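Heads up: the structure comes next, in structure tokens.
The values are calculated or read from the model by the stated rules, or taken from the named source; none is laboratory data. Just so we're clear, the structure is a prediction, and the values are computed from it rather than from any experiment. Ideal geometry is used to build each Cβ from the backbone, glycine not excepted, and the neighbour counts take in all protein chains shown.
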Amino acid sequence: TLKYTQSNSVCYVKDGQTIGVGAGQQSRIHCTRLAGSKADNWLLRQHPKVLALDFVDGIRRPDRDNAIDVYLSEDECDDVLRDGAWQPIFKTRPERLTLEEKKAWIASQRGVSVASDGTRIQAATSKTYTAYTVPGAVKNLKVLDLTTTSYRLQWDAAAGATGYIVYRFDETSGSYTEVTKTAVPSCSVRALTPGTTDYYQICAYATLQKVNRAGALTKQQAVTTKPETVTPKFVSGDPARAKLKIKWKPNENCDGYRILVTETPGKDYVQAAEVPMGATKTAVFRLPKKCDKIYVYMQTYLITDAGRVYSDYSPALTVTSQPQTTTTAPAAKK
């Protein structure tokens with residue numbers, strides 16, 4: 001088999017039969033993962049629960065084979081086991097084949113050999129064949145505790161995972177590089193630059209005999225840190241007349257500013273104005289109503305594919321109504 005497959009190539013064999021081939025990959029590690037996954041699937045197809053599956057009469061062979069593959073999948077088995085899905089395929093609803101049962105069955109297999117093109121890796125004709133199924137996919141990736149320089153990535157635990165590998169896109173190399181490995185379904189990323197976007201992919205892995213077998217990568221996830229805010233300063237105006245003018249030092253790393261006002265510090269914000277990024281560093285705006293005192297806050301924002309990313313609120317600018325002075329003209333002389 002190895003003679004007629006594209007290098008690099010790895011092959012698993014049992015009782016003179018090829019049960020898994022991985023070929024044409026960039027390294028024999030990837031070939032081994034691919035071939036081992038196919039060998040696991042072949043061995044699991046011999047499990048008593050699989051052999052006992054009671055298919056409906058007249059089912060086509062491709063439909064039967066596809067149903068077995070889905071049944072053995074950790075992530076998709078519910079597609080053939082849930083109510084309404086199993087009836088067109090099976091006469092009776094099958095019992096789920098658990099991950100523990102899969103591991104125990106594979107660990108009990110003997111007489112499996114593995115080799116690569118050119119060099120034999122291992123002859124296991126008299127040894128126990130031990131291999132884990134590929135862990136489940138990472139799902140429900142979230143971004144939490146977002147700040148200007150850090151955030152936390154969190155996801156659901158994957159079935160059969162020993163740990164997780166987090167990759168980040170490196171613009172210098174033009175590829176994803178490993179950032180960290182973690183045993184728990186979350187990781188914190190720190191020491192970042194405000195208002196910058198990074199791209200991540202995450203996969204679960206299972207470890208057996210110091211060898212990691214990785215699961216599927218997540219889709220690319222973009223994460224943008226908050227931009228830095230700006231501090232508003234009073235120029236002119238009066239809350240009693242419902243009109244103010246403020247200024248600020250521009251933030252070059254944002255797409256615009258929004259101005260919010262409230263009569264109660266820290267809550268009940270009302271957007272009074274929005275200013276796109278540019279040379280402008282002042283704004284004249286009207287208040288929702290006349291009042292004696294108003295608190296003015298500012299936020300910067302970035303526009304991303306996922307929507308706007310706002311900065312934290314600026315410190316409050318407190319503007320109090322000024323008493324109006326009147327001038328009395330002197331009386332005319334008679």
(request) Could you run through the range 304-325 and say how many residues are surrounded by 14 or more Cβ atoms within 10 Å (Cβ to Cβ) and either more than 32 Å from the chain's Cα centre (by Cα) or assigned to a strand (DSSP E or B) (or both)? (result) 6
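One line per residue, one yes/no per condition, for (1) more than 30 Å from Thr193 (Cβ to Cβ); (2) touching a His at 6+ places or on another chain (Cβ under 9 Å); (3) touching a residue at least 40 places away in the same chain (Cβ under 8 Å); (4) of a type outside the set (D, E, K, R):
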site: Leu217; (1), (2), (3), (4): no, no, yes, yes
site: Val223; (1), (2), (3), (4): no, no, yes, yes
site: Glu252; (1), (2), (3), (4): no, no, no, no
site: Arg258; (1), (2), (3), (4): no, no, yes, no
site: Thr264; (1), (2), (3), (4): yes, no, no, yes
site: Pro276; (1), (2), (3), (4): no, no, no, yes
site: Phe285; (1), (2), (3), (4): yes, no, yes, yes
site: Asp305; (1), (2), (3), (4): no, no, yes, no
site: Ser311; (1), (2), (3), (4): no, no, yes, yes
(request) Output the residues belonging to the range 39-55 that are surrounded by 13 or more Cβ atoms within 10 Å (Cβ to Cβ) and not acidic (Asp, Glu). (result) Ala39, Asn41, Trp42, Leu43, Leu44, Arg45, His47, Lys49, Val50, Leu53, Phe55
(message) So, in the range 297-307, exactly how many residues are in contact with an Asp or Glu (Cβ under 8 Å, 6 or more places away or on another chain) and among the charged types (D, E, K, R)?
(response) 0
(request) Would you point out which residue out of Thr218, Thr229 is surrounded by 17 or more Cβ atoms within 10 Å (Cβ to Cβ), within 30 Å of Ala158 (Cα to Cα) and not charged (D, E, K, R)? (result) Thr218
(message) Can you pull out every residue in the range 232-247 that is surrounded by 21 or more Cβ atoms within 10 Å (Cβ to Cβ) and either within 36 Å of the chain's Cα centre (by Cα) or not in a strand (DSSP E or B) (or both)?
(response) Pro232, Pro239
(message) Could you tell me how many of the residues in the range 272-303 are surrounded by fewer than 19 Cβ atoms within 10 Å (Cβ to Cβ), aliphatic (A, V, I, L, M) and in a strand (DSSP E or B)?
(response) 4
(message) Tell me whether the range 199-209 contains one or more residues that are within 30 Å of Val230 (Cα to Cα) and without any contact (Cβ under 8 Å) to a residue 60 or more places away in the chain.
(response) yes
(message) Which condition from (1) part of a loop (DSSP other than H, G, I, E, B); (2) modelled with pLDDT under 90 is the one that Gly58 breaks?
(response) (2)
(request) Filter the range 79-93 for residues that are within 12 Å of Asp54 (Cα to Cα) and assigned to a loop (DSSP other than H, G, I, E, B) and give the result. (result) Trp86, Gln87, Pro88, Ile89, Lys91, Thr92, Arg93
(message) Residue under question is Asp75, and the condition is that it be among the charged types (D, E, K, R), under 30 Å from Arg93 (Cα atoms) and without any contact (Cβ under 8 Å) to a residue 40 or more places away in the chain; does it hold?
(response) no
(request) Tell me, please, whether a residue that is of a type outside the set (D, E, K, R) and assigned to a loop (DSSP other than H, G, I, E, B) can be found in the range 67-78. (result) yes
(message) With the structure loaded, tell me whether Val166 is more than 29 Å from Tyr310 (Cβ to Cβ), hydrophobic (A, V, I, L, M, F, W, C) and modelled with pLDDT of 95 or more or whether it fails that test.
(response) no
(message) Restricting to the range 81-112, name every residue that is hydrophobic (A, V, I, L, M, F, W, C) and touching a strand residue (DSSP E or B) at 6+ places or on another chain (Cβ under 8 Å).
(response) Ile89, Phe90, Ala107, Val112
(request) Might you check whether a residue that is surrounded by 14 or more Cβ atoms within 10 Å (Cβ to Cβ) and assigned to a loop (DSSP other than H, G, I, E, B) occurs anywhere in the range 25-38? (result) yes
